[in-house]
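Visitor: Please read through the structure below; I'll follow up with questions.
The values are calculated or read from the model by the stated rules, or taken from the named source; none is laboratory data. These figures come from a predicted structure and were not determined experimentally. Here Cβ is always computed from backbone atoms with ideal geometry, including for glycine, and neighbour counts include all displayed protein chains. We work out accessible area using only protein heavy atoms, side chains counted, and drop any ligands, DNA or RNA first. Shrake-Rupley method; radii C 1.70, N 1.55, O 1.52, S 1.80 Å.
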Amino acid sequence: MSQILKILKDWTLPIAMTVGALNYQWIGKLSFLTPYLIFTMLLITFSKISWKDIRFHRAHLWLLLIQLAGSAIAYFAIRSYDEVIAQGALLCILAPTATAAAVITGMLGGNVGFLTAYVLFCNIAVAIAAPLYFSYIGVHDELSFFQSVWYICKQVFPLLILPLFIAAAFRRWLPKVHYLLVCIPKLSFYLWSFALVIVTGITVHFMVEQDESNYRLFIGLAGVSLVLCCLQFLVGRRIGRTYGDPVSSGQGLGQKNTILALWMAQTYLHPLVSLAPATYILWQNIINSYQLWRKNREGKK
């Protein structure tokens, strides 16, 4: 039984995406659950944070600058070529670090405390920047810029920041609930798997409804996400090498919360933009698999 569970865990990504793709016709009815799943996963992540270990490192500043400024630069650089691909590039850089990045960082021998702190900082930064960026792009043409900012803030800010305050409240006044969130094994992992099924189904459903003329966009979005994924891992590691910890910075910049990115794309941007974070899932997991294989190989030597 344990062997079967191990196989299922190792193959969760392809299994979840396959289930979502094969059942896309009805899985879209569950799309309303996505923000609640994201909220819960962030709540579990923030519940595990020890506040005494949160320290702002100089490398955090460089990573945040690349994430916030780099996403805008990529958007304006590609915008004249194609608006949808430009939005995909923006989202692939702007998306915050994955909540699971700390686990991979630990397995690769990086500084888990550094990465956990960056997950907190970049979620706060994205909660502030995303409404401004999405409003400028013009996802709500019927609203003025400031009305659009307020509209998106009301949805994004509570989703990314409220779990932080609730986690702190549970730790202070409801320690039993806090203990339950922290100690249920693999809860966040199972929630992530379920969320991946939903967003994959929604993405495939939208792809099936498109005409053949959009396949050029599919290739463009997949190619941009591949280039940006590799670049962010490489640049992150280069920054981290300067401060003696390439692994943590590489994972912090390269490993994205793709479930959140998919939800943002499907909610605020052109629906086809969701193909960029959808393919980013594949690229970052290929890179992580290679890094873990290389780490295990070096350990054996």
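Visitor: Please give the FRET efficiency for LEU292 paired with PHE56, using the beta carbon to beta carbon distance and R0 = 22 Å, rounded to the nearest 0.05.
Guide: 0.15
Visitor: Another question about this same structure. Pull up all non-local amide H partners of LYS256: gap of 5 or more, or a different chain, and H-to-H distance under 5 Å with H placed in the peptide plane.
Guide: The answer is ALA98.
Visitor: If you roll a 1.4 Å probe over the heavy atoms of the protein chains, what accessible area per residue do you get for the chain, in Å²?
Guide: Per residue, the chain has an accessible area of 50 Å².
Visitor: If you don't mind, there's one more thing I want to ask. Taking N as the number of residues in the stretch 124-243, what value does Rg over Cα atoms divided by 2.2 N^0.38 Å take?
Guide: Ratio of Cα Rg to 2.2 N^0.38 Å: 1.45.
Visitor: For every helix of n ≥ 4 consecutive DSSP H residues, a contribution of -39,500 (n - 2.57) applies; sum these over the chain, divide by its total residues, and give [θ] at 222 nm rounded to the nearest 500 deg cm²/dmol.
Guide: For the chain, the value works out to -26500 deg cm²/dmol.
Visitor: A further question follows. Assigning unit charges at the beta carbon (Lys, Arg +1; Asp, Glu -1) and nothing else, what dipole magnitude in debye, to the nearest 20, does the chain show about its Cα centre?
Guide: 1520 debye
Visitor: Continuing with the same structure: On full extension of the chain, what length is gained from PHE32 through HIS270, given 0.36 nm per residue of separation minus the C-alpha to C-alpha distance?
Guide: 83.9 nm
Visitor: LEU180 to TRP11: extension gain in nm, 0.36 nm per residue of separation minus the Cα-Cα distance?
Guide: 58.1 nm
Visitor: Kindly provide the Kirkwood hydrodynamic radius of the stretch 87-146 in Å, to one decimal, from all pairs of distinct alpha carbon atoms.
Guide: Answer for the stretch 87-146: a Kirkwood hydrodynamic radius of 13.2 Å.
Visitor: Provide, for q = 0.16, 0.23, 0.26 Å⁻¹, the log10 of I(q)/I(0) from a solvent-free Debye sum over equal Cα point scatterers in the stretch 222-301.
Guide: The Cα Debye sum returns log10 ratios of -0.65, -1.04, -1.16.
Visitor: Right, another one. Would you compute, for the Cα atoms of the stretch 164-301, the largest minus smallest coordinate along each principal axis and list the three values in descending order, in whole Å?
Guide: 54, 42, 27
Visitor: Give me the number: length gained by fully extending PHE146 to ARG238, i.e. 0.36 nm times residue separation minus the C-alpha to C-alpha distance, one decimal in nm.
Guide: Full-extension gain reported as 29.4 nm.
Visitor: Please tell me the relative contact order of the chain in percent, rounded to the nearest whole number, where contacts are Cα pairs under 8 Å and at least six residues apart.
Guide: 31 percent
Visitor: Can you give me the three principal axis dimensions of the chain from its C-alpha atoms, in Å, biggest first?
Guide: 49, 44, 41
Visitor: Looking at the stretch 195-301, which GluC sites (Glu not before Pro) are DSSP coil and have at most 12 other C-beta atoms within 10 Å of their C-beta?
Guide: Hits after loop and neighbour filter: GLU209.
Visitor: Here's a follow-up. Carbon and sulfur atoms: what percent of the 1.4 Å accessible area of the stretch 161-222 do they account for?
Guide: C and S atoms contribute 71 percent here.
Visitor: Could you tell me which chymotrypsin sites (Phe, Trp or Tyr not before Pro) in the stretch 56-85 are loop residues by DSSP with no more than 13 other beta carbons within 10 angstrom of their beta carbon?
Guide: PHE56, TYR81
Visitor: Taking the Cα centre of the chain as the origin and placing charges on Cβ (Lys, Arg +1; Asp, Glu -1), which of TYR268, TYR81, GLY106 is farthest toward the positive end of the dipole?
Guide: It is GLY106, whose Cα lies furthest towards the positive end.
Visitor: Just tell me, in residue order, which DSSP H segments of the chain are both 30 angstrom or longer along the helix axis (alpha-carbon based) and at least 0.5 in mean Kyte-Doolittle hydropathy.
Guide: 58-79, 112-137, 145-173, 187-208, 215-242
Visitor: Another question, then. So if I take the alpha carbon set of the stretch 259-299, get Rg, then get Rh from the Kirkwood formula, what is the Rg over Rh ratio?
Guide: That ratio equals 1.26.
Visitor: Let me ask something else. So how long is each side of the stretch 46-157 along the principal axes, counting just the alpha-carbon atoms, biggest first, in Å?
Guide: Extents along the principal axes: 46, 30, 22 Å.
Visitor: Given bins 5 angstrom wide, list per bin the percent of all Cα-Cα distances in the stretch 24-65, short to long.
Guide: 5, 16, 13, 14, 16, 13, 8, 8, 6, 1
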